[in-house]
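To start, the structure under review is shown below, and the notes come after it.
The values are calculated or read from the model by the stated rules, or taken from the named source; none is laboratory data. Values in this document were obtained by computation on a predicted structure and should not be read as measured data. Backbone-built Cβ (ideal geometry, glycine too); neighbour counts: all protein chains shown. The protein model used for the area step is the full one, side chains on, heavy atoms only, and it has no ligands, DNA or RNA in it. Shrake-Rupley method; radii C 1.70, N 1.55, O 1.52, S 1.80 Å.
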Amino acid sequence: MIALRSVLFNTIFYANLIIRMIVLSPYYFVVPRLTAYEIPKNWARSNHWLMRVIVGTTFEIEGLENLPDGSYILAPKHQSFWDTYALLPRLKDPVYILKRELMWIPLFGWYAKKQRMIPVDRGARGKVMVDVLKRTREELSTGRQLIIYPEGTRRPPGAEPVYKYGIARMYRDLGIPVVPVAMHPGLFWPRRSIRRYPGHFKVRILPPIMPGMDPDAFFAHLIEVTERASDELLLDTIERNPHLPLPPTAIARLTELRKVKAATA
């Protein structure tokens, strides 16, 4: 049944994306930008419904009260395609820094351009990064929320964290709060897999790290608070969903955490 439900979900998920983009394009490109943003936000909501109805996967969000007013950097763990869109309905006007190649994709790139997403060449240095920072400041000056994945790429649940120092530079240069987010959608929507698994998990929005810290101290603090919450949620998620097939990284981390828990009991 999991295989059948996974195929059905994936088919409808991508059909939902393509059909919405085509059918709603005339409206999307005519109305004001913020009005148009309701289209991808509603698409995200429809995906949550599809996951619940077809796959049997549900989630809850803790800590919404930790989201500041105005501009801030949202810094989620990145495990799955799910977490690239899941929080869109909860954010007023988010902006992404994304790979410039994504802007070349028909329809998707046009949608992203309408929302003033910020393309970047990942290998770029010097003036290009100065221009990216300038564009970012311009967008944040209007009260937008910047979404950055501190690890840069998707990591399997329980994997050794590999945070990129770029977020510390953004924290220093932009002077706005950073809000860490811990979650484990990768247990239900694994990367590089068509399988989707039923169950329930939590998304935990942590208290904002206010501007003004030394960048090195901020970076260490971000990793510490995010990984502590991530470990807590890993234990909680697996206890709630004992049926889940776990990747080796999650099994190894779970073993370590249980040993520490037993030693301190």
(message) With the requirement that a residue be under 19 Å from the mean Cα position of the chain (by Cα), among the hydrophobic types (A, V, I, L, M, F, W, C) and more than 22 Å from R90 (Cα to Cα), what does region 195-221 give you?
(response) F219
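Only residues that are in a helix (DSSP H, G or I) and open to solvent by 20 Å² or more (accessible area, probe 1.4 Å): list them for region 55-64, please.
Once the filter is applied, which keeps residues that are in a helix (DSSP H, G or I) and open to solvent by 20 Å² or more (accessible area, probe 1.4 Å), region 55-64 yields only L64.
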(message) With out of contact with any helix residue (DSSP H, G or I) (no Cβ under 7 Å at 6 or more places or on another chain) and surrounded by 13 or more Cβ atoms within 10 Å (Cβ to Cβ) as the only criterion, which of Y27, Y37 stands out?
(response) Y37
(request) Can you run down the residue pairs with Cβ atoms below 8 Å, 6 or more apart or on separate chains, where the first is in region 16-35 and assigned to a loop (DSSP other than H, G, I, E, B) and the partner is open to solvent by 90 Å² or more (accessible area, probe 1.4 Å)? (result) F29/W110
(message) Can you find a residue that is within 27 Å of S6 (Cβ to Cβ), in contact (Cβ under 8 Å) with a residue 40 or more places away in the chain and open to solvent by 40 Å² or more (accessible area, probe 1.4 Å) anywhere in region 108-122?
(response) yes
(request) Would you point out the residue of region 1-24, among those that are more than 20 Å from L107 (Cα to Cα) and not small (G, A, S), that is surrounded by the fewest Cβ atoms within 10 Å (Cβ to Cβ)? (result) M1
(request) Among the candidates D83, D69, single out the residue that is touching a helix residue (DSSP H, G or I) at 6+ places or on another chain (Cβ under 8 Å) and not hydrophobic (A, V, I, L, M, F, W, C). (result) D83
(message) Can you pull out every residue in region 97-107 that is without any contact (Cβ under 8 Å) to a residue 60 or more places away in the chain and either farther than 29 Å from I61 by Cβ or not in a helix (DSSP H, G or I) (or both)?
(response) I97, L98, K99, R100, E101, M103, W104, I105, P106
(message) Looking for something more than 22 Å from G199 (Cα to Cα), in contact (Cβ under 8 Å) with a residue 12 or more places away in the chain and more than 16 Å from the chain's Cα centre (by Cα) - is there at least one such residue anywhere in region 74-96?
(response) no
(request) Could you tell me whether T237 is modelled with pLDDT of 95 or more, surrounded by 19 or more Cβ atoms within 10 Å (Cβ to Cβ) and either in a helix (DSSP H, G or I) or among the β-branched types (V, I, T) (or both)? (result) yes
(message) One residue is enough: does region 159-174 have a residue meeting the conditions surrounded by fewer than 18 Cβ atoms within 10 Å (Cβ to Cβ), among the acidic types (D, E) and assigned to a loop (DSSP other than H, G, I, E, B)?
(response) yes
(request) Go through region 83-100 residue by residue and tally those that are open to solvent by 10 Å² or more (accessible area, probe 1.4 Å) and out of contact with any strand residue (DSSP E or B) (no Cβ under 9 Å at 6 or more places or on another chain). (result) 1
(request) Please work out if N42 is assigned to a helix (DSSP H, G or I), open to solvent by 40 Å² or more (accessible area, probe 1.4 Å) and not acidic (D, E). (result) yes
(message) I'd like the full set of residues that are over 15 Å from T84 (Cβ atoms), within 21 Å of the chain's Cα centre (by Cα) and among the aromatic types (F, W, Y), limited to region 20-57.
(response) Y37, W49
(request) Taking the options R258, R228, R240, name whichever one is touching a strand residue (DSSP E or B) at 6+ places or on another chain (Cβ under 8 Å) and not aliphatic (A, V, I, L, M). (result) R240
(request) Give me the pairs, please: first residue somewhere in region 50-65 and under 13 Å from F188 (Cα atoms), second residue anywhere and of a type in the set (S, T, N, Q) and outside any helix (DSSP H, G or I), beta-carbon distance under 9 Å, and either six or more positions apart or on two chains. (result) M51/T57; M51/T58; R52/T58
(request) Check region 215-229 and report whether any residue there is open to solvent by 30 Å² or more (accessible area, probe 1.4 Å) and touching a His at 6+ places or on another chain (Cβ under 7 Å). (result) no
